[in-house]
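Chemist: Below you will find the structure I want to go over with you.
The values are calculated or read from the model by the stated rules, or taken from the named source; none is laboratory data. If you're wondering where the values come from, they're calculated on a predicted model, not measured in any experiment. Here the Cβ positions follow ideal geometry from the backbone for every residue, glycine too, while neighbour counts run over all protein chains shown.
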Amino acid sequence: MNQRCFVSAVVCLGLLTTITAGRLEAQQDPGPRGTQSAAGSFYSGLSPNEQSDFAEALKTFMEVDSVSGTIKGEDGAGLGPTFNGNGCAQCHAQPAIGGSSPGLKSPQNPIPNPQVALATLDGATNTVPPFITPDGPVREARFVFTVTQKGASPDGGVHGLYTITGRTDSNGCVLAQPDFARELGRHNVIFRIPTPVFGLGLLEATSDAALQANLGATREQRFRMGIRGRFNTNGNDGTITRFGWKAQNKSLLIFSGEAYNVEQGVSNEVFTNERSADGLCAVNGIPEDLAGATAADSPGDPGETTADVIRFATFARLSAPPTPAAPTDSTLNGAKVFDRVGCSLCHSATLTTGKARYTGMSNVAYHPYSDFALHHMGWGLADRVTQGAAGPDEFRTAPLWGVGQRLFFLHDGRSSDLLQAIRAHEGRESEANGVISKFKALSSTQVQDLLNFLRSL
């Protein structure tokens, strides 16, 4: 090769490298969209009375708890002895009340992680764990094992970040935080972030038969892609459970009762016992939240007659699904790519409700982008926790409606980038490997269209 040809080849190679790099760099998550929230209101078909029920439920969902219920601005009673938050709306906040974790990069309401300030609120003496940061997601922590002198046994339960020790209304309770530093050193801590509750009344009104038919309709296609899928079920009646990261909860009432007890430490008529309570830490009589409360039962709101936990479930049942953005050429093409590579084999676009209690919710087609089945996600995403039939690397297909305005992704909030979240689906023994293989073969334009489509949901 003469010098002129050699120089031309080098220039062309450099130009090709620059173009290729530019194409790769062009593939990026456009980020959470809009300054206006596309979620948070009541379902459009509700009657006036049901809309009123939603408004009352929203007020309760926004309630802030203290131990006693007598601190100004913290009128709910029953916080602790251990807790992760002091109100539902603290964690379910993005892009509106009822959503997922808030954060500093929200276009709607940029705020730091509220769990940081919560550590010392009202005189509490907690230390903020290293996995709770101002710019990170709201998290709960679970231990994979309980380690004692006799060895390790399976755990999987939530260990509250904070205790009421030191608070002005703690009644002298002295309860130590879990030793998170030690358990992190043992690689024994896994995390979960809040799941949005928008539109979940439609899911609750969807029959088991409809979910089974939806999964069965793609059996052959899924088999060719290495995708299996099965439902988590209730151990008593065998019906499909569908709420939570591993679809571990049967109903929105159970989902709400567990969260109230585990996240805020409030005993209620669904989960009646205090967690980690002994001696001075058992400040209130149990259950702390109950229907028909009297002044003595509910010092913060003595006129309350409906249990909080029922109103939490009502809020979720009557809330509207997120509203997608208007389609563009890019998002329309991205929807086709979504189907072509096989994403829709798990993230089912459409389901249909059965006969529903609430006005306008019967026999309605809705678009959650989930089959609500369990799938093996491989050991890169495994949390090593078993809940019901869901094993260590199995998760319910995360619904994608509203993903366009979320800040953090995957069960533990490890990423705020949709492209990284997609790539994290690949791993040893993951059912998504066939889909990811097709995803890798896409052009940069197709990848960008796919990302734009997801951010339009």
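Chemist: Does Ala320 satisfy being touching a Phe, Trp or Tyr at 6+ places or on another chain (Cβ under 9 Å) and of a type outside the set (Ser, Thr, Tyr)?
Modeler: Here the answer is yes, as Ala320 does meet what is asked.
Chemist: I want to confirm something. Restricting to the stretch 421-457 and keeping residues that are of a type in the set (Asp, Glu) and outside any helix (DSSP H, G or I), which single residue is nearest to Thr397 (Cα to Cα)?
Modeler: Among those residues, the one meeting the criterion is Glu431.
Chemist: Please indicate, with yes or no, whether at least one residue in the stretch 205-222 is of a type in the set (A, V, I, L, M, F, W, C) and part of a loop (DSSP other than H, G, I, E, B).
Modeler: Yes, some residue in the stretch 205-222 is of a type in the set (A, V, I, L, M, F, W, C) and part of a loop (DSSP other than H, G, I, E, B).
Chemist: Criterion first (part of a strand (DSSP E or B) and closer than 30 Å to Gly404 by Cβ) does Ala152 satisfy it?
Modeler: Here the answer is no, as Ala152 does not meet what is asked.
Chemist: Quick one: Val147 ticks every box in (1) over 28 Å from Glu394 (Cβ atoms); (2) aliphatic (A, V, I, L, M); (3) without any contact (Cβ under 8 Å) to a residue 60 or more places away in the chain bar one, so which box is it?
Modeler: Of the numbered conditions (1) over 28 Å from Glu394 (Cβ atoms); (2) aliphatic (A, V, I, L, M); (3) without any contact (Cβ under 8 Å) to a residue 60 or more places away in the chain, the odd one out for Val147 is (1).
Chemist: Residues to consider are Asp371, Asp339, Asp412; find the one that is acidic (Asp, Glu), surrounded by fewer than 22 Cβ atoms within 10 Å (Cβ to Cβ) and in a loop (DSSP other than H, G, I, E, B).
Modeler: The match here is Asp412.
Chemist: Within the stretch 356-369, can you find the residues that are in contact (Cβ under 8 Å) with a residue 24 or more places away in the chain, more than 25 Å from the chain's Cα centre (by Cα) and under 14 Å from Ala210 (Cα atoms)?
Modeler: Result: Ser362, single match.
Chemist: If you scan the stretch 349-368, which residues turn out to be among the small types (Gly, Ala, Ser) and either buried (at least 22 other Cβ atoms within 10 Å of the Cβ) or in contact with a Leu (Cβ under 7 Å, 6 or more places away or on another chain) (or both)?
Modeler: Gly360
Let's see how each residue does on (1) at pLDDT below 95; (2) within 18 Å of Arg311 (Cα to Cα); (3) β-branched (Val, Ile, Thr); (4) surrounded by 11 or more Cβ atoms within 10 Å (Cβ to Cβ):
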{"site": "Ala9", "(1), (2), (3), (4)": "yes, no, no, yes"}
{"site": "Leu16", "(1), (2), (3), (4)": "yes, no, no, no"}
{"site": "Pro48", "(1), (2), (3), (4)": "no, yes, no, no"}
{"site": "Ala89", "(1), (2), (3), (4)": "no, yes, no, yes"}
{"site": "Pro95", "(1), (2), (3), (4)": "no, no, no, yes"}
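Chemist: Would you mind stating whether Leu381 is in a loop (DSSP other than H, G, I, E, B), touching a strand residue (DSSP E or B) at 6+ places or on another chain (Cβ under 8 Å), touching a residue at least 40 places away in the same chain (Cβ under 8 Å) and surrounded by 22 or more Cβ atoms within 10 Å (Cβ to Cβ)?
Modeler: Taking the combined requirement at face value, the residue does not satisfy it.
Chemist: Check whether at least one residue in the stretch 174-194 is surrounded by 15 or more Cβ atoms within 10 Å (Cβ to Cβ), of a type in the set (Lys, Arg) and out of contact with any Phe, Trp or Tyr (no Cβ under 7 Å at 6 or more places or on another chain), and report yes or no.
Modeler: no
Chemist: Which one of Ala296, Ala307 is among the hydrophobic types (A, V, I, L, M, F, W, C), on the phi < 0 side of the Ramachandran plot and modelled with pLDDT of 95 or more?
Modeler: Being among the hydrophobic types (A, V, I, L, M, F, W, C), on the phi < 0 side of the Ramachandran plot and modelled with pLDDT of 95 or more holds for just one of Ala296, Ala307, which is Ala307.
Chemist: Answer yes or no as to whether Pro30 is over 30 Å from Thr165 (Cβ atoms), touching a Leu at 6+ places or on another chain (Cβ under 7 Å), modelled with pLDDT of 95 or more and not β-branched (Val, Ile, Thr).
Modeler: yes
Chemist: In addition: Restrict the check to the stretch 162-184 and report whether at least one residue is assigned by TED's automatic domain parsing to the domain that holds Cys281 and either assigned to a strand (DSSP E or B) or under 30 Å from Ala349 (Cβ atoms) (or both).
Modeler: yes
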